[in-house]
Amino acid sequence: MNNKYRTHNCNELRRENVGKNVILSGWINKKRDHGNLLFIDLRDNYGITQCIIDKENPNFRELEKIQLETVVTIQGSVVNRSKETINKEIETGEIEVGIEKYKVIGSCKELPLPVFSDQEYSEEIRLKYRFLDLRRKKIHENIILRSKVISFIRSEMYKSGFLEFQTPILTSSSPEGARDFLVPSRLNPGKFFALPQAPQQFKQLIMVSGFDRYFQIAPCFRDEDARADRSPGEFYQLDLEMSFVEQEDVFNVVEKLLVNTFKEFSNKKLLFKKFPRISYSDAMLKYGSDKPDLRNPLIISDITEIFLRDDVSFEIFKKLIKSGSMVRCIVTKKTKDKPRSFFDNIDKWAKDQGASGLAYFTIEKEKEISAKGPVGKFFSKEALKKIMKLTGAEIGDSLFLACSNQKELEKITSLARDKIAKDLNLINDDIFAFCWVVDYPMFEKDEITKKIKFSHNPFSMPQGDIEKIKFENPLDILAYQYDIVCNGIELSSGAIRNHIPELMYKLFSVAGYSKIDVDQKFSGMINALSYGAPPHGGIAPGIDRIVMLLANEKNIREVTMFPMNQNAEDLMMNAPSEVSDIQLKELNIILKNKK
RNA sequence: GGGGGUGUAGCUCAGUUGGUUAGAGCGAUCGCCUGUCACGCGAUAGGUCGAGGGUUCGAGUCCCUUCACUCCCGCCA
């Protein structure tokens with residue numbers, strides 16, 4: 001590279017370039033003005049070079065006054081720095097550039113936010129001036145990391161025999177799943193496209209088309225509310241699908257990819273090289289969640305049976321159990337000497353979460369085994385021995401108990417597991433703990449409508465002998481449906497697909513869809529499956545979340561170049577925005593509450 | 001749709017029990033300073049305390065309403 005803007009970038013010059021006349025361009029990162037001597041840190045994408053000018057130079061007075069973040073071209077010669085003035089913090093720290101000439105090529109107004117600063121500042125201002133925010137070191141590096149991760153994944157996928165294909169962005173609305181983003185069709189008045197929530201049907205059609213292994217870094221659009229780890233509107237998945245495979249084949253490909261990627265881009269250790277498989281029902285019992293953080297050693301146990309004993313007099317729980325509640329507990333190791341406040345804080349915290357609190361006691365032994373704590377007196381020593389057998393608790397350990405219906409229990413024990421582990425500092429932040437959650441139920445009961453609905457992907461293959469599936473007990477049907485979870489974050493879900501049309505109709509009918517409904521809503525898919533479809537399956541790991549984990553960020557906006565805010569607005573581009581009457585008219589749209 | 005947190009100078013924040021003229025650091029402007037790398041020193045400008053209403057002799061501070069940002073629940077096949 002050698003043009004009128006630069007002969008080198010700002011991270012290139014070294015001691016061996018001393019004496020050379022060079023041209024550099026970049027942003028004024030920082031000035032240090034000594035009155036008759038001025039230091040300027042010039043920054044570009046690659047790094048920083050210190051430039052220097054003194055009052056002998058006729059440009060001195062102007063450069064003294066130059067605004068930070070102005071873009072300038074500097075011409076000068078590379079000078080050796082004396083030993084005492086070397087800056088080890090930057091790669092160009094052994095040299096500096098003595099400014100001979102300079103030119104402003106992009107002037108800068110007074111900054112609405114500092115670029116050179118480690119200070120946190122408000123999301124609103126960051127998103128409005130994202131182009132300035134992105135100049136800052138941390139996020140600039142995150143975005144570069146994202147690019148490298150995606151590039152690495154692409155090449156790994158090609159190495160594993162996958163081909164990348166694009167699928168349509170304007171497609172049809174689907175009745176299942178998240179809210180769609182709709183796009184009105186001008187040529188078909190009254191009709192709408194939908195942006196794809198995922199290229200689900202397309203990737204299956206690609207398998208039916210005989211391409212065997214497909215992947216895509218696919219944009220996905222879902223009109224749902226945001227979270228810290230969930231962008232509103234759009235996000236990216238590594239969408240992949242394979243023909244003639246079983247569940248384990250998909251696992252092998254993805255495990256290899258994730259292990260390689262996480263080894264390449266992070267120094268954190270992988271807790272498991274072979275990711276453990278945990279069934280959905282086990283996960284819900286032991287962790288209270290289908291996205292367990294396996295860095296957390298705490299395990300939830302069900303001890304409902306204890307409260308059926310005559311030598312346990314915990315009457316409140318006994319009464320609740322008679323009306324269908326269960327009791328589950330979390331054991332904390334060697335906590336007998338923790339102060340009362342430790343236990344009471346957790347109980348209080350649980351109440352703040354809307355639960356009725358967490359009862360607790362500590363198992364002790366002087367002559368006999370006994371339980372210490374507000375509810376300890378309700379348990380006989382035999383009951384305590386049984387509890388220890390059920391939960392693995394030992395002398396000196398404590399138990400936190402919750403009693404409620406299954407759903408509430410899962411919720412509070414899951415939250416409590418996180419909370420207690422944090423309080424006891426049990427989570428090692430220096431590891432990645434992956435796992436597969438498998439054997440999801442095909443259907444679930446809608447809490448409100450009490451109707452049977454698909455619990456995940458309606459195109460998943462049910463487990464077991466297809467001839468023997470008991471459709472009359474739909475809640476017992478498991479699917480070849482799986483999630484991959486890392487450190488408590490759901491990275492993706494996938495499935496072996498149902499490629500048999502007759503079975504598809506049956507499953508949909510359980511969820512209340514007639515054959516006609518299915519033919520209408522999924523015409524492309526169901527039609528294709530009737531013309532010789534291979535068995536196939538796949539998965540779609542979330543790219544944003546993978547990068548988030550690798551960059552050690554807690555918020556997905558830190559790895560997204562131009563994110564929207566929580567209200568799904570782009571503060572920089574002013575999107576969404578109102579459109580002209582002419583545009584609306586062309587689209588045959590009349591707004592109901594036009595101001 | 002619901003709950004929590006935050007909102008004071010361009011930026012980040014402090015502001016006691018309600019009490020005189022609302023402060024600091026960074027940034028800006030002006031001046032001094034030839035080896036800094038978060039340079040240093042001095043001065044100046046900069047405020048509808050998110051907005052509206054109420055209580056009070058008096059509100060940044062208390063109450064109500066509302067707006068914005070954010071975190072969480074719902075939602076996310």
Test: residue in segment A:392-410 that is at pLDDT 90 or above and in contact with an Asp or Glu (Cβ under 7 Å, 6 or more places away or on another chain): yes
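Out of the residues in segment A:544-560 that are of a type in the set (Val, Ile, Thr) and away from RNA strand B (no atom under 15 Å from the Cβ), which is surrounded by the most Cβ atoms within 10 Å (Cβ to Cβ)?
Taking segment A:544-560 and keeping what is of a type in the set (Val, Ile, Thr), we get A:546-547, A:556, A:559-560.
Subset that is away from RNA strand B (no atom under 15 Å from the Cβ): A:546-547.
On the way: A:Ile546: 27, A:Val547: 25.
Selected residue: A:Ile546.
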Tally of residues being farther than 12 Å from A:Gly98 by Cα and of a type in the set (Phe, Trp, Tyr) across segment A:33-59: 1
Scan of segment A:184-199 for residues that are in contact with a Leu (Cβ under 6 Å, 6 or more places away or on another chain) and away from RNA strand B (no atom under 16 Å from the Cβ), ordered by number: A:Pro184, A:Arg186, A:Phe192, A:Phe193
Search result, residues across segment A:437-468 that are surrounded by 21 or more Cβ atoms within 10 Å (Cβ to Cβ), away from RNA strand B (no atom under 11 Å from the Cβ) and part of a loop (DSSP other than H, G, I, E, B): A:Met461
Candidate set from segment A:142-188 (those that are among the small types (Gly, Ala, Ser) and part of a helix (DSSP H, G or I)); member that is farthest from the chain's Cα centre (by Cα): A:Ser155
Condition check for A:Glu156: within 30 Å of A:Ser243 (Cβ to Cβ) and either surrounded by 14 or more Cβ atoms within 10 Å (Cβ to Cβ) or within 16 Å of RNA strand B (Cβ to nearest atom) (or both): yes
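Going through A:Glu69, A:Glu89 one at a time, which residue ends up being near RNA strand B (Cβ under 10 Å from one of its atoms) and touching a residue at least 60 places away in the same chain (Cβ under 8 Å)?
On the way: A:Glu89 fails: touching a residue at least 60 places away in the same chain (Cβ under 8 Å).
Just one listed residue meets the conditions, A:Glu69.
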Some residue of segment A:526-536 being assigned to a helix (DSSP H, G or I), over 21 Å from A:Val250 (Cβ atoms) and more than 30 Å from the chain's Cα centre (by Cα): yes
Tally of residues being more than 16 Å from A:Asn29 (Cβ to Cβ) and either loosely packed, with under 10 Cβ neighbours inside 10 Å or within 6 Å of RNA strand B (Cβ to nearest atom) (or both) across segment A:107-132: 9
Residue list for segment A:411-428, restricted to those being touching a residue at least 40 places away in the same chain (Cβ under 8 Å) and either over 26 Å from A:Ile321 (Cα atoms) or more than 25 Å from the chain's Cα centre (by Cα) (or both): A:Ala421, A:Asp423, A:Leu424, A:Leu426, A:Ile427, A:Asn428
Near pairs, Cβ below 7 angstrom, 6+ apart or cross-chain, from segment A:382-410 (under 11 Å from A:Ile300 (Cα atoms)) to any residue that is basic (Lys, Arg) and crowded, with 21+ Cβ neighbours inside 10 Å: A:Ala402/A:Arg328; A:Leu409/A:Arg328
Residue selected from segment A:92-106 under the condition closer than 20 Å to A:Tyr46 by Cβ and surrounded by fewer than 18 Cβ atoms within 10 Å (Cβ to Cβ), by the criterion farthest from RNA strand B (Cβ to nearest atom): A:Ile105
Pick from segment A:396-417, criterion over 17 Å from A:Lys319 (Cα atoms), among the hydrophobic types (A, V, I, L, M, F, W, C) and part of a helix (DSSP H, G or I), ranking: farthest from RNA strand B (Cβ to nearest atom): A:Ala416
Those residues of segment A:7-58 which are closer than 17 Å to A:Val115 by Cβ, surrounded by fewer than 13 Cβ atoms within 10 Å (Cβ to Cβ) and within 16 Å of RNA strand B (Cβ to nearest atom), in sequence order: A:Arg32
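Answer yes or no as to whether A:Gln216 is assigned to a loop (DSSP other than H, G, I, E, B), within 14 Å of RNA strand B (Cβ to nearest atom) and over 19 Å from A:Glu569 (Cβ atoms). Steps first, answer last, please.
Numbers: assigned to a loop (DSSP other than H, G, I, E, B): no; within 14 Å of RNA strand B (Cβ to nearest atom): yes; over 19 Å from A:Glu569 (Cβ atoms): yes.
When the stated conditions are applied, A:Gln216 does not pass them.
Within segment A:94-102, identify whether any single residue is free of Cβ contacts under 8 Å to residues at least 40 places away in the same chain and farther than 24 Å from A:Leu550 by Cα, and answer yes or no.
no
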Residues within segment A:223-250 that are more than 16 Å from A:Ile153 (Cα to Cα) and either outside any loop (DSSP other than H, G, I, E, B) or basic (Lys, Arg) (or both), tallied: 10
Which listed residue, of A:Ala228, A:Ala198, is exposed (fewer than 15 other Cβ atoms within 10 Å of the Cβ) and over 30 Å from A:Lys585 (Cβ atoms): A:Ala228
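Could you please find all residues in segment A:497-533 being touching a strand residue (DSSP E or B) at 6+ places or on another chain (Cβ under 8 Å) and surrounded by 14 or more Cβ atoms within 10 Å (Cβ to Cβ)?
Of the residues in segment A:497-533, the ones touching a strand residue (DSSP E or B) at 6+ places or on another chain (Cβ under 8 Å) are A:497-499, A:503, A:507, A:510-512.
Listed by number, the residues that qualify are A:Arg497, A:Asn498, A:His499, A:Leu503, A:Leu507, A:Val510, A:Ala511.
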Filter result for the condition that a residue is over 35 Å from the mean Cα position of the chain (by Cα) and either among the basic types (Lys, Arg) or loosely packed, with under 15 Cβ neighbours inside 10 Å (or both), over A:Lys338, A:Lys318, A:Lys348: A:Lys318
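With in contact with an Asp or Glu (Cβ under 8 Å, 6 or more places away or on another chain), closer than 22 Å to A:Ser172 by Cα and of a type in the set (Lys, Arg) as the only criterion, which of A:Lys453, A:Lys521, A:Lys470 stands out? Please lay out each step first, then the result.
Working: A:Lys521 fails: in contact with an Asp or Glu (Cβ under 8 Å, 6 or more places away or on another chain); A:Lys470 fails: closer than 22 Å to A:Ser172 by Cα.
Matching residue, one of A:Lys453, A:Lys521, A:Lys470: A:Lys453.
The values are calculated or read from the model by the stated rules, or taken from the named source; none is laboratory data. Note that the structure is a prediction, hence the values are computed from the model and not measured. Note that we place each Cβ from the backbone using ideal geometry, even for glycine, and neighbour counts take in every protein chain shown.
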